[in-house]
Each structure stands twice: as structure tokens, then as C-alpha cells.
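Q: Input: one structure, supplied below.
Quick note: the coordinates plus some simple rules give every number you see, no bench work behind them. Here the structure is a predicted model, which is why all the values come from computation and not from measurement. Cβ placement follows ideal geometry from the backbone for every residue including glycine, while neighbour counts extend to all protein chains displayed.
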Amino acid sequence: MIQAILNDWSNYWFAPQSQRRVLSVRLAVMVVATIWIASFWPSLSAWFGPQGILARPIAARMIELEELPRWQMWSPLWIADSLVVYRSWLLIGIALSLLTACGIGQRWTIAGLILWMIAWSHRCSWLISVTEPALVAFTAYFLIEPGPKLITLLRPNPDGERESNASNWTAGTVLRLLQTHWWILMAAGLFSQLASFISVSY
């Protein structure tokens with residue numbers, strides 16, 4: 001029985017899966033990432049401008065009041081309140097997410113996007129919900145197996161077709177991590193709603 005459980009465990013996490021599926025999920029995650037990044041553009045001035053709600057002096061004071069170590073909030077965006085800097089930063093983030101979606105740069109681009117997300121989240125941590133940590137984690141999973149480049153789906157030659165249809169255990173592990181994380185988030189949301197319902201009832 002123990003051996004059967006171990007075999008099922010190994011099959012769950014390490015059974016080979018198609019890299020094409022990783023590509024499909026990567027595209028979906030990067031679409032969400034691009035929309036998330038672009039959504040900050042219209043309100044940049046209101047939040048991060050010199051007179052913004054989270055202007056550098058105000059945000060720094062909030063960090064002091066919350067007694068957060070500065071190293072936990074590292075970000076190059078603490079150097080200025082210039083909207084040019086913030087707009088440039090958003091454009092870099094959008095570019096990284098689109099490059100990741102296309103598979104250009106593979107793990108290097110993914111790592112750059114993860115660092116970008118963390119730096120941005122540290123600068124606007126008061127605007128962060130449960131979505132952002134999940135998005136960072138989902139992106140990080142692709143470091144294990146980025147999947148094929150998007151262009152492999154467009155190539156008419158057999159080599160591109162074989163590459164996009166290749167299967168390996170790293171692709172399976174990435175998909176399982178994404179599935180498990182997703183269902184944990186769904187369960188946490190459900191239990192949170194049930195807890196609030198029960199507290200209201202009492």
C-alpha cells in the first residue's frame with residue numbers, strides 16, 4: 001500500500017506532460033500579467049506622482065509606522081517620484097511579460113519579470129491583494145520548464161512541431177504546481193467566504 005501511495009505521488013508530480021500545455025498556460029498567465037501591469041497606467045499620477053497618495057515621503061513614513069525593515073521593501077522605484085520613471089518601469093514590465101509569453105529569452109526573461117514584479121509590489125504594497133503573490137508564484141514555476149517558444153506553433157516544419165509536442169517530467173511538474181496552487185487559492189477563498197458567513201450568522 002505504501003509503495004502504491006509513493007507511486008501515485010511520483011506520478012502526480014513527475015509524470016511527463018506535453019510542453020505545448022505549458023506554452024498554453026504560460027500565454028494565459030502572461031496575458032493576466034500584462035493586463036495587471038497596464039491597469040496601473042491610468043492612475044499613476046494619483047498614486048505615485050509628487051503629490052500622489054503613495055508619494056515617496058508618505059510611503060516611507062508608512063513603512064516606518066509599520067516598523068517594516070527597509071530591506072524587505074527594496075525597489076529601485078524608491079529613488080524618485082518622477083512619472084517618467086514610473087511609466088518607463090511599467091513599459092519595461094509589459095515588455096518582459098510579452099517576451100515571456102513569446103518564450104524569448106526563456107528563463108532569463110522570466111527571472112527578470114519576477115524581479116520586476118517583486119520590485120513593483122514592494123513599492124505599492126498597500127495596493128497589493130492575493131492576486132499579486134499568486135501571479136509571482138505562477139511566473140516563477142515557469143523557471144522549472146518555460147515551455148517552447150510561441151513561434152514553434154507557427155513553424156510549418158516538422159522540427160518545430162516535434163519541439164512543441166515534446167513531453168518531459170519538468171512540464172508535468174510545472175502543470176501540477178500550477179494546478180495545486182490554483183485549487184489551494186480556490187479552497188482558501190471558499191473557506192474565507194464560509195467563515196464570514198458563519199460569523200455574520202452568529
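Q: Determine the gain in length on full extension of the stretch residue 187-residue 11; use 0.36 nm per residue of separation and subtract their C-alpha separation, reporting nm with one decimal.
A: Residue separation times 0.36 nm, minus the Cα-Cα distance, leaves 61.0 nm.
Q: Explain nothing, just the number: relative contact order of segment 41-85, from Cα pairs under 8 Å at least 6 residues apart, as a whole percent.
A: Relative contact order for segment 41-85 comes out at 40 percent.
Q: Identify which of 125, 43, 75 has the largest mean-square fluctuation in a Gaussian network model of the chain, with springs joining Cα atoms closer than 10 Å.
A: The residue that fluctuates most here is 43.
Q: Please state the shape class of segment 88-127: rounded when a/c is under 1.5, otherwise prolate if a/b exceeds b/c and oblate if not, all from the C-alpha gyration tensor.
A: prolate
Q: A further question on this structure: Can you tell me how much longer the chain between residue 44 and residue 169 gets when fully stretched, taken as 0.36 nm per residue apart minus their C-alpha distance, in nm with one decimal?
A: 40.8 nm
Q: Please give, to one decimal in nm, the separation of the simple spin-label points placed at residue 67 and residue 131, each 7 Å out from Cα toward the Cβ.
A: So the label points at residue 67 and residue 131 sit 3.3 nm apart.
Q: Now, a different point. Counting Lys and Arg as +1 and Asp and Glu as -1, what is the net charge of the other residues whose Cβ lies under 13 Å from the Cβ of residue 48?
A: +2
Q: Which order do the peptides 79-87, 185-193, 132-140 take when ranked by the mean count of other beta-carbon atoms within 10 Å per residue, highest first?
A: 132-140, 79-87, 185-193
Q: Jot down the per residue volume, in cubic angstrom and as a whole number, of the convex hull over the alpha-carbon atoms of segment 38-133.
A: 103
Q: By the scheme Lys and Arg +1, Asp and Glu -1, what is the net charge of all other residues having a beta-carbon under 14 Å from that of residue 109?
A: Neighbourhood net charge equals +3.
Q: A further question on this structure: So what is the 222 nm mean residue ellipticity for the chain from helices alone, if each DSSP H run of at least 4 adds -39500 (n - 2.57) and you divide by all residues, rounding to the nearest 500 deg cm²/dmol?
A: Using -39500 (n - 2.57) per qualifying helix, the result is -22500 deg cm²/dmol.
Q: Sticking with this structure for a sec: Sorted by average packing, counted as other Cβ atoms within 10 angstrom per residue and highest first, what order do 10-16, 98-104 take?
A: 98-104, 10-16
Q: Apply the Debye scattering formula to the chain, with a single equal point scatterer on each alpha-carbon and no solvent, then give log10 I(q)/I(0) at q = 0.14, 0.18, 0.19 Å⁻¹.
A: Results for the chain at q = 0.14, 0.18, 0.19 Å⁻¹ read -0.94, -1.19, -1.25.
Q: Which net charge results when you count Lys and Arg as +1 and Asp and Glu as -1 among the other residues whose beta-carbon is under 14 Å from that of residue 98?
A: +2
Q: Express the relative contact order of the chain as a whole percentage, based on alpha carbon pairs under 8 Å and six or more residues apart in sequence.
A: That works out to 34 percent.
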